[in-house]
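The values are calculated or read from the model by the stated rules, or taken from the named source; none is laboratory data. All figures in this text were calculated on a predicted structure; none of them were measured in a lab. Here Cβ is always computed from backbone atoms with ideal geometry, including for glycine, and neighbour counts include all displayed protein chains.
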Amino acid sequence: MSDKWVERKRPARLECRFEFTDYEKTRDFLDKAAELSEQRGYYPDMSFGRTHVSITLTSPDQPDEVSEELFEYARQLDALVPVAI
């Protein structure tokens, strides 16, 4: 998991903001993130602008702690970001 992710306590969650150089790269990331959500059956809170995407991961099953599944999901989102953005 990249160091862009921040773990928060109340409520327990992971937060990250990805920056992109243009809308095309942002859109590509959003499309891949949507595919990941469909595969995993998990739909994080996301907001975006032309060149950024903000994501919050929470666990409805474990509201007091960040589960290993959320850490894994964060790693999978990291893998969707182009190496040179």
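Numerical summary
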{"quantity": "Cross-chain or 6+ apart pairs with Cβ under 9 Å, segment 1-24 first and within 17 Å of HIS52 (Cβ to Cβ), then among the small types (Gly, Ala, Ser) and at pLDDT below 95", "calculated": "CYS16/SER2; THR21/ALA84"}
{"quantity": "Answer from THR56, THR21, THR51 - the residue that is of a type in the set (Val, Ile, Thr) and loosely packed, with under 13 Cβ neighbours inside 10 Å", "calculated": "THR21"}
{"quantity": "Residues that are in contact with a Leu (Cβ under 9 Å, 6 or more places away or on another chain), within 19 Å of MET1 (Cβ to Cβ) and either among the basic types (Lys, Arg) or part of a helix (DSSP H, G or I) (or both), drawn from segment 16-68", "calculated": "PHE29, LYS32, ALA33, LEU36"}
{"quantity": "Close pairs from segment 56-70: first within 7 Å of ALA12 (Cα to Cα) and free of Cβ contacts under 8 Å to residues at least 40 places away in the same chain, partner part of a loop (DSSP other than H, G, I, E, B) and among the aliphatic types (A, V, I, L, M), Cβ under 9 Å, at least 6 apart", "calculated": "none"}
